[in-house]
Amino acid sequence: MSATPSLAPILSIDGARKAFGGLVAVNDVSFDVREGELVGLIGPNGSGKTTMLNLISGALRPTSGTISLAGARISGRPAHAIARQGVARTFQLVRILPSMTALENVMAGAVFGHARTWGDDARHVAVALLDRVGLAGRGDAMTGAMTYIDHKRLELARALASNPRLLLLDEWLAGLNPSELKLGIELIRELRADGRTIIMVEHVMDAIRSLCDRCVVMSSGVKIADGDVADVLTRPEVVSAYLGDDDA
Amino acid sequence: MTPLLATVTRKEARIALFGAAALAVAATLPLFDTGFYLSLALNVAMYVVLCTAWTLFSGPTHYISLASAAFFGIGTYSVALGIDTLPFPLLVAVGFVASAALAGLVGIATLRLSGVYFVIFTLGLAELVRQVVTWAQTNFTHGVGLYVFTDFTETHIYWMLLALAAIVYVTGWLVNRSRLGFALRIIGNDETVARHVGIDTARAKVLLFMISGGFIGIVGACLAPRFAYVEPPSAFNPMISFQVVIMALLGGTGRLWAPLLGVIPFTILFDQVSAYFPNHTSLVIGIAFMAVVYLLPRGVIGFVDDMRRLKKRFRIVLVEDEGALGKERAS
Ligand SMILES: Nc1ncnc2c1ncn2[C@@H]1O[C@H](COP(=O)(O)OP(=O)(O)O)[C@@H](O)[C@H]1O
Ligand SMILES: [Mg+2]
């Protein structure tokens, strides 16, 4: 692996908390992500992973705590401002723009996000990314006619189109069949080799093991472990969180 | 707002040429008739501008605004209040600015709400503005209405509306090619995605609502001389709001010129109905509208698109058949 993470944290989460009424979905979670790092965010269902990503991307405002991107506070700011600062994401339930072509879907990321290109520049970025995620030549396709994995690819391309400083993937590999999964893992590996900073929420443990430098484990809203993947996954509290809470 | 494509496509050029020609032909109408047909054409022109301006905002965002009467009335009143002291073009500009400003306020207050609340709010707003104007007039002026005496004939008003139609179409076309237009299409598809790709959705919607409301205000301003005597029930007539929605939906909101397809038949229908069934206009219009929604749920434009697609498919089938025949013959 070529990417050696530098020391400066690109993302700092300090005591982030999100309460929905009485339910504390994210309970004073803190961790840093350094530039070029690929961090896995794992935990049983309902442990608050998606909520954590929502706090970072600005989909939700934290109840308390601060989140900073490259030293600038982003918590409390609206999602569009955070996107312009350089955070891009995919959604656990894929969100594509149904009445637009594949190319336009990707251009959406290039035009308004961190990069803010326009016209032919945006088009070139989008074409190159469609190629990269395995949708070469499909730019004119209407998204309605595409398969589930193609939607996932499209969503990733859209997120990448803004050339984000931080990429958030929410179970991007979920629902893929074994051969698609292999392609998906390869794709993320390439992104990592490019030096992209990524937080990936994932249930596919093989992917976490083979891709991540580090992983953060959440359980019932609390961070219960943070460190080297192989080490963390054998810790008793992590094992019991997976076996105890999640009987699925 | 630099355009997405720096060039004008051949198709766009053809549409522009065709549109300019159609406008030029329409502009000659007063040379032939200045009675019934001019009056009817004036109504058509008025609703073309109103519906196109309305669609500018409601087409991409899917928000149904019933505030048209408020913007229209503000335009009318801008002219009525100032006609004795200020030049008419300036008053039209005032009408634009005032209704755009109101649209901006409404937008800031409501566009964070979901669609249903927006509909109700805009309906309430139009009524509120009407009541406020009525109250102000009865308390601070002598009469309930205002006289608007100008040298404008129906011909002049008609020409103004045609020019305005051209301006609205060009504006709509420019918006569609701009970042703002692209942003609105994304918002119309999925607002969450829009926010997460970096679009300030509230700002984009408010901006477009202001443009749309401003144009509706101009129509009201241009129509003021036609009223001659302006009072709140006519200037802020809620029927305007409803008819705009009905006609625009009848035409279809997917394309800039689609409302035209609803305005022409509906205006003529409305005219006929009010001539032959003066006491049952609402009933007949209601039935006609239900029939339209039932038979053409995506508007006339949707029907046209379906027909085109069918024709295309039919043609492909024919071509395939010919190919098959050809092969048979060859073997
Ligand atoms: N918008 C919301 N309103 C109320 N409760 C929510 C909301 N979003 C998530 N939750 C709750 O917060 C908890 C964490 O959910 P989530 O972050 O989606 O978990 P994960 O992604 O780890 O499966 C769950 O109990 C969920 O029901
Ligand atoms: Mg989740």
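Residue-by-condition table, conditions (1) of a type outside the set (A, V, I, L, M); (2) within 22 Å of the chain's Cα centre (by Cα); (3) not in a helix (DSSP H, G or I):
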{"residue": "B:113", "(1), (2), (3)": "no, no, yes"}
{"residue": "B:130", "(1), (2), (3)": "yes, yes, no"}
{"residue": "B:138", "(1), (2), (3)": "yes, no, no"}
{"residue": "B:156", "(1), (2), (3)": "yes, yes, no"}
{"residue": "B:170", "(1), (2), (3)": "no, yes, no"}
{"residue": "B:175", "(1), (2), (3)": "no, yes, no"}
{"residue": "B:180", "(1), (2), (3)": "no, yes, no"}
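The set of residues in the stretch A:12-52 that are charged (D, E, K, R) and outside any helix (DSSP H, G or I) comprises A:14, A:17, A:18, A:28, A:32, A:34, A:35, A:37.
Just one of the listed residues (B:248, B:221) is of a type outside the set (Asp, Glu) and touching a Cys at 6+ places or on another chain (Cβ under 8 Å), namely B:248. When each of A:88, A:25, A:59 is tested for being among the aliphatic types (A, V, I, L, M) and away from ligand 1 (no atom under 12 Å from the Cβ), the lone residue that passes is A:88.
Listed by position, the helices (runs of 4 or more DSSP H) contained in the stretch A:180-248 that have at least 2 residues being crowded, with 17+ Cβ neighbours inside 10 Å and within 16 Å of ligand 2 (Cβ to nearest atom) are A:205-211. Taking residue A:61 as the residue in question, decide whether it is open to solvent by 40 Å² or more (accessible area, probe 1.4 Å), of a type in the set (D, E, K, R) and either within 16 Å of ligand 2 (Cβ to nearest atom) or touching a Gly at 6+ places or on another chain (Cβ under 9 Å) (or both). It is true that residue A:61 is open to solvent by 40 Å² or more (accessible area, probe 1.4 Å), of a type in the set (D, E, K, R) and either within 16 Å of ligand 2 (Cβ to nearest atom) or touching a Gly at 6+ places or on another chain (Cβ under 9 Å) (or both). Here A:97, A:55, A:60 are screened, and the one residue that is within 12 Å of chain B (Cβ to nearest Cβ) and either farther than 21 Å from residue A:26 by Cα or not in a loop (DSSP other than H, G, I, E, B) (or both) is A:97.
Among the residues examined, residue B:226 qualifies as modelled with pLDDT under 95, within 19 Å of residue B:267 (Cβ to Cβ) and of a type in the set (D, E, K, R).
Against the condition within 16 Å of ligand 2 (Cβ to nearest atom), open to solvent by less than 50 Å² (accessible area, probe 1.4 Å), touching a helix residue (DSSP H, G or I) at 6+ places or on another chain (Cβ under 7 Å) and assigned by TED's automatic domain parsing to the domain that holds residue A:199, how does residue A:79 come out, does it pass? For residue A:79, the condition - within 16 Å of ligand 2 (Cβ to nearest atom), open to solvent by less than 50 Å² (accessible area, probe 1.4 Å), touching a helix residue (DSSP H, G or I) at 6+ places or on another chain (Cβ under 7 Å) and assigned by TED's automatic domain parsing to the domain that holds residue A:199 - is not met.
Within 16 Å of ligand 2 (Cβ to nearest atom) and in contact (Cβ under 8 Å) with a residue 40 or more places away in the chain: does that describe residue A:44? Criteria met by residue A:44. Condition test on residue A:175, is it outside any strand (DSSP E or B), away from ligand 2 (no atom under 16 Å from the Cβ) and surrounded by fewer than 21 Cβ atoms within 10 Å (Cβ to Cβ)? So residue A:175 does not fit the description; no. Checking the stated criteria, residue B:216 turns out not to satisfy the condition of being in the same structural domain as residue B:41 (by TED's automatic domain parsing), surrounded by fewer than 16 Cβ atoms within 10 Å (Cβ to Cβ) and either in contact with a Leu (Cβ under 7 Å, 6 or more places away or on another chain) or closer than 22 Å to residue B:19 by Cα (or both).
The values are calculated or read from the model by the stated rules, or taken from the named source; none is laboratory data. Predicted, not measured: the structure shown is a model, and the values here were computed from it. For neighbour counting, all protein chains shown are included, and Cβ atoms are generated from backbone atoms with ideal geometry for every residue, glycine included. Heavy atoms of the whole protein, side chains included, go into the accessibility calculation; ligands, DNA and RNA do not. Shrake-Rupley method; radii C 1.70, N 1.55, O 1.52, S 1.80 Å.
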